[in-house]
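What follows is one structure encoded as structure tokens, with my remarks underneath.
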Amino acid sequence: MALQTIKVLLVEDDPMVQEVNRQFIERVEGYKIIGIAGNGYEGFRMIKKLKPDLIFIDIFMPTQDGLETIHQIRKEGVMVDIIAITAAADMETIRSVLQHGAFDYIMKPFKFERIKKSLENYRSFRTQLQSKATLTQKDLDQIRFEKEDFDIGSESTELPKGLNAVTFKKIMKYLNEQKEAHSAEEVAEKVGLARVTARRYLDYLAKSGHILIDIQYGGVGRPINRYITKGK
């Protein structure tokens, strides 16, 4: 079954960055660039005319910058999702962009894998929202936690030595699919890891707040730590 095409508008003033972004985005299956704007003023006009699903927008631009454009989009109630791709790294800008509902914030320079992960996560987010007329708390938590899990092991996250993002993803995917807490031994068996390795990942995930520990006491022996994602 073919993926539904997600229409994207690029708002970026640097022609070289425009081309890099265009190539990266269109390498991800199901995404199509429908327009490119060189500043926020032109970008806002194209948003209203072309009605994209998603915009990739820079912050530092002439005529009208990205932050002002995002404010305008939200003020006028234009229905479009936003991913910021920018060199802006100050907390004030980051906070303002996120407070105005940006789906993601990607800092330059970046690699293709960072764009790909963002777009795959965005498609999953859209699919879940569109598949149901209403959401339960569990549905909403699932969407939120998948988005949080996306950042585990990203370029902006420094992982402990010996741990890698691929294994984190496998463990989180398994736990997200479970309704009950599972021990390190059970996780190790299902994910295909040594028990000691699974425990290292699970302990780190618990300490970083991505999962919860459910301590279960039996009749004899030490209590067993079982792990479960939030909201279950």
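Bear in mind these aren't lab numbers, they're just calculated from the coordinates by the rules spelled out. Given the structure is predicted, the values throughout are model-derived calculations rather than measurements. Glycine gets a Cβ as well: all are built from the backbone with ideal geometry, and neighbour counts include every protein chain shown.
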Q) Once the convex hull of the C-alpha atoms of segment 6-131 is built, how many Å³ does it hold per residue, rounded to a whole number? A) 99 Å³
Q) Once amide H atoms are placed 1.01 Å from N in the peptide plane, what residues at a sequence separation of 5 or more from MET61, or on another chain, have their amide H within under 5 Å of its amide H? A) GLY66
Q | Cleavage-rule hits (GluC sites (Glu not before Pro)) in segment 21-71: DSSP loop, at most 13 neighbouring Cβ within 10 angstrom | A | GLU29
Q: Consider the candidate values (1) 39, 18, 16; (2) 30, 20, 14; (3) 40, 23, 19; state which one is semi-axes √(5λ) of the Cα gyration tensor in Å computed from the structure displayed.
A: (1)
(Q) Just to verify a number: FRET efficiency for TYR217 and HIS71, C-beta to C-beta distance, R0 = 41 Å, to 0.05? (A) 0.15
Q.
Using only the alpha-carbon atoms, what does segment 41-108 span along each of its principal axes? Please give whole angstrom values in decreasing order.
A. 32, 23, 19
**Q.** Gain upon complete extension [LEU50, LYS173; 0.36 nm per residue less C-alpha separation]
**A.** 40.7 nm
Q | Residues whose placed amide H lies under 5 Å from that of ALA37, excluding near-sequence neighbours | A | LEU10, VAL11, GLU12
Q | Rounded to whole Hz, the Karplus (6.51, -1.76, 1.60) HN-Hα couplings of segment 116-121, x for glycine and proline | A | 4, 4, 5, 6, 5, 5
Q: Go through segment 56-69 residue by residue and turn each phi into a ³J(HN,Hα) via Karplus (6.51, -1.76, 1.60, θ = phi - 60°); whole Hz please, and just put x for glycine and proline.
A: 9, 10, 7, 9, 7, 9, x, 6, 8, 6, x, 5, 4, 5
Q: Collect residues whose amide H, placed 1.01 Å from N in the peptide plane, falls under 5 Å from the amide H of TYR31; neighbours closer than 5 in sequence don't count.
A: ILE6
Q. For LYS75, which lysines qualify as cross-link partners when the Cα separation must be under 25 Å and same-chain residues fewer than eight apart are set aside?
A. LYS7, LYS48, LYS49, LYS51
